[in-house]
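Some notes on the structure that comes next.
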Amino acid sequence: MEKDYYSVLGIERSATAEQIKKAYRKIAMQYHPDKNPGNKAAEEKFKAATEAYDVLSNPDKKQQYDRFGTQGFQEGGRPYGDDFFEGDLNDLFQDSPFSSFFGGGRRTKRSSNYGEDLRIRIKLNLKEIALGTEKKVKVKRYTSCDTCGGNGAENGLAVEKCGSCKGHGVVRKTTQTLLGNMLTESICSNCAGTGNRIKTPCTDCQGEGRKLIDDLITFQVPKGVRKNMELTLRGKGNVPARGGMPGSLIVQIEEEEDDRLKREGNNICYTLHISFIDATLGCEMEVPTIYGKVRLKIPPGTSCGEVLKLRGKGIADLNGYHKKGDQLVYVQIWTPQELTKEEKDILLSLRDSPNFIPKPNKKEESFFERIKSFFQG
Ligand SMILES: [Zn+2]
Ligand SMILES: [Zn+2]
């Protein structure tokens, strides 16, 4: 059905841009759903007026409408049917000069206008990496000014179209190149891409539309992260001056060195020093892991450099592609540095005993080959 956008707004076809704006503003203020909760008729009027304004306030769309009517929008551009409004009604205000007219920090229309990303580094210990953790960080960042809703104008009201870009937020320039004329678009520097000019700056933010605050940000670190990985927290960066989308907070991961446990991929390596007596007779030792202490059985006849595996005591794979890591315990046999006379005598009596004469069997690989087989297995 053909719609008459002019009669919807109650204006003549010859109405000026200023008159169109005024007419819409009047209707919008009267029938906005926030002011008429549950009133279907008001909502319909509001939708119709917003649709009309969306077209008539845009010179290109207006010209198309004047020539072809609403049919002009069926092809190419998005259709202007009723379901056009099924989304958030407030989205429509992003395309209007009243972007923050109804309060609540409406964003301006330039979605390309993003604020800067911020970067921080956090140090995690192995336990936090293995189990995942919640982190709270304090970040100095720009957030939208509540007083003006982010557009920088007093009470968020007195905003006019920017003269340099005619409210488009972008300026077009034709440059001559070898390949012919090239049309380039760039963000209007006069209004920082907002398309708005401020009459009276907001006193709270001096017209910047944003304020620097100490923000306490809480986020989850997933299990299995690694050094130099980056977590991107969207929307937690700076809000650009005079409205737009906030940038991201990029969190770079650092690993805290552990005195005893070393990370090797998703495995944890630990060196255990035992006496040659314990290695010979076998024993049970307490071993630290990231999940707490565990008791480890050292079988009798364990050689120096042998690697014992504590299954599943490593780090979970971040993507779940690989199995969880293990803890590898490297057995080192510690040689006494001092002996009493009695100790020395006992050892001397054992020296020539046949069992103490080294005779490595064939299956005993070299130290390095054994380590290699562990990383492969
Ligand atoms: Zn402000
Ligand atoms: Zn501009």
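The values are calculated or read from the model by the stated rules, or taken from the named source; none is laboratory data. Just so it is clear, the structure is predicted and the values come from calculations on it, not from any experiment. Glycine gets a Cβ as well: all are built from the backbone with ideal geometry, and neighbour counts include every protein chain shown. Quick note on the areas: whole protein, heavy atoms, side chains included, nothing else; ligands and nucleic acids left out. Shrake-Rupley method; radii C 1.70, N 1.55, O 1.52, S 1.80 Å.
Please verify whether C165 is part of a loop (DSSP other than H, G, I, E, B), within 16 Å of ligand 2 (Cβ to nearest atom) and under 28 Å from the mean Cα position of the chain (by Cα), treating the condition exactly as stated. Against the criterion (part of a loop (DSSP other than H, G, I, E, B), within 16 Å of ligand 2 (Cβ to nearest atom) and under 28 Å from the mean Cα position of the chain (by Cα)), C165 does not qualify. Limited to the stretch 244-284, what total is found for residues that are surrounded by 18 or more Cβ atoms within 10 Å (Cβ to Cβ) and of a type in the set (S, T, N, Q)? Total satisfying the criteria: 3.
Suppose the filter is over 30 Å from G169 (Cα atoms) and not in a strand (DSSP E or B); does T302 pass it? Yes; evaluated as a whole, the condition is true for this residue. Would you call G195 surrounded by 18 or more Cβ atoms within 10 Å (Cβ to Cβ), within 16 Å of ligand 2 (Cβ to nearest atom) and either more than 27 Å from the chain's Cα centre (by Cα) or under 30 Å from E338 (Cα atoms) (or both)? Yes.
Residues in the stretch 203-242 that are open to solvent by 80 Å² or more (accessible area, probe 1.4 Å), within 16 Å of ligand 1 (Cβ to nearest atom) and closer than 15 Å to E116 by Cβ: L212 alone.
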